[in-house]
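Readers should treat all values here as calculations from the given coordinates under stated rules, not as data from a laboratory. All values derive from a computational prediction rather than experimental measurement. Here the Cβ is made from the backbone with ideal geometry for all residues, glycine too, and neighbour counts use every protein chain on show.
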Amino acid sequence: MLPQITGYTFTAICPVGMALAPRKREIHTDMIQTHALTRSYVTDEIETAALKNVSLEIEKGEFVAIMGPSGCGKTTLLNLLGLIDRPSSGSYDFSGILTEGLSENKMTRLRRGNMGFIFQNYNLVEELNVTENVELPLIFTGMHRKERRKRVQEILDRLKISHRATHYPRQLSGGQQQRVAFARSIVNRPMLLLADEPTGNLDSRNGALLLDLLNEYNRTGGTIVMVTHSLKDASYAHRILRLRDGIILN
Ligand SMILES: Nc1ncnc2c1ncn2[C@@H]1O[C@H](COP(=O)(O)OP(=O)(O)O)[C@@H](O)[C@H]1O
Ligand SMILES: [Mg+2]
C-alpha cells in the first residue's frame, strides 16, 4: 500500500521552519498517464521503434523502477515522461495536463517547474562550481539571487556538501558529484524526479547513500521514476516496470 499523499511539503529534505509552505497545486491521483505511447527514430532510412504502445499510470507519491536490457527503450521512455522529447504517436497526461498540443515554451515551463533529473554521468556543468550548479534550476524560475543563494545553502547543508560549495566538478569524487546532481535536481522542489541509472557509475556505498536520499525525497511526497539495472536499487521502489524491445511486459 502506498502512503496517502496529501501534499508535497519536503519536510525531510528541508527542515521545517525554513519558509517551506507546501506548494499550492491541485492534487491528481495519477501524476502520469500515457496511452499507446510510441517513439520511432528514423536514421538513414532505417526506422527503429524504440517504444511501442506504452500505456501506463503512475500515481503521485509512487516510486517506480524501470528495468530491462540495454536498448529496450528505457531512456526513450524517461525522456518522454520528462518532456525532453515528444512521442511519434500516443498521448501523455502529466498531472492532468494533456501535453500533446503544448508549445515548446509551455513544455519547457512545465518541465522546469515540476521535474528534476539525475543521470548516470552526473551531467554537472564543468565550468560552474557546486553552488552555481545547484543554483541553475532556480535561475530559470526568475527567483531573486539572494533567495536563490539561501535555498542552495540550505540544500548543501542538508546534504552535507557545504564544504564543497566553491569546488568545481573535476575536484569531486563520483559520489560527491552525484550528490551535487541530486541537490540540483531537487532544489526546485519538483513533484517528479526522473533518474536514468543514477547509481550506474557509483560504488556500492555511494550507490546506497544516493538511494537513501531518493527514498527520503519519496517519503516526503516526491514521485520517482528510476531506470536501473540493479535489483537491489529496484527493491527501494514500490513496483518495477519491465521493458523489452519497447514494450512493457507487466
Ligand atoms: N536519437 C536516436 N536515434 C536513433 N535511434 C535511437 C536514438 N535514441 C535511441 N535510439 C534507439 O532506440 C532504442 C532504445 O534506446 P534507449 O531508449 O536509449 O534504450 P535503453 O535506455 O533501454 O538502453 C535503441 O535501439 C537505440 O539504438
Ligand atoms: Mg538508457
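Along the axis of the charge dipole computed for the chain (Cβ charges of +1 for Lys and Arg, -1 for Asp and Glu, origin at the Cα centre), the listed residues 168, 42, 248 are led at the positive end by 168. The convex hull drawn around the Cα atoms of the stretch 27-158, when projected onto a plane and averaged over every direction, covers 10.6 nm². Set the Förster distance to 25 Å, then compute FRET efficiency between residue 203 and residue 157 from the Cβ-Cβ distance, nearest 0.05. The calculated FRET efficiency here is 0.50. Counting every Cα pair in the stretch 110-171, what percent are over 16 Å apart? Roughly 49 percent, once rounded to a whole number.
If you place +1 on the Cβ of every Lys and Arg, -1 on the Cβ of every Asp and Glu, and leave all else neutral, what size is the dipole of the chain about its Cα centre, to the nearest 20 Debye? Intermediate results must be reported in sequence, preceding the final value.
Working: 31 positive and 26 negative charges, 199 e Å.
Charge dipole of the chain: 960 debye, to the nearest 20.
Descending by average beta-carbon neighbour count within 10 Å, the peptides 43-55, 184-196, 234-246 line up as 184-196, 234-246, 43-55, the highest first.
Please report, in debye to the nearest 20, how large the charge dipole of the stretch 81-221 is about its Cα centre when each Lys and Arg carries +1 at its beta carbon and each Asp and Glu carries -1 there. Before the final figure, lay out the partial values.
Details: 20 positive and 16 negative charges, 125 e Å.
For this selection, approximately 600 debye.
Amide H contacts of residue 63 (H built 1.01 Å from N, in plane; Pro and chain starts excluded): 224, 238, 239 sit under 5 Å, all sequence-distant by 5 or more or on other chains.
Which pairs, out of 74/146; 160/232; 60/106, put more than 27 Å between their alpha-carbon atoms?
Numbers: 74/146 39 Å; 160/232 25 Å; 60/106 21 Å.
Among 74/146; 160/232; 60/106, the Cα-Cα distance tops 27 Å for 74/146.
Kirkwood analysis of the Cα pair distances in the stretch 124-250 returns a hydrodynamic radius of 15.6 Å. Of the residues 156, 54, 198, the one whose Cα sits farthest toward the positive end of the charge dipole of the chain, with +1 on the Cβ of Lys and Arg and -1 on the Cβ of Asp and Glu, is 156. When the chain is described by a simple charge dipole with +1 on each Lys and Arg Cβ and -1 on each Asp and Glu Cβ, the residue from 144, 217, 186 located farthest towards its positive end is 144. Note on the chain: Kirkwood radius taken over Cα pairs, Stokes-Einstein applied at 4 °C and 1.567 mPa s, translational D equal to 69 µm² s⁻¹. Let me have the 222 nm mean residue ellipticity of the chain computed from DSSP H runs of 4+ only, each contributing -39500 (n - 2.57), with the sum over all residues rounded to the nearest 500. One gets -9500 deg cm²/dmol as the mean residue ellipticity at 222 nm.
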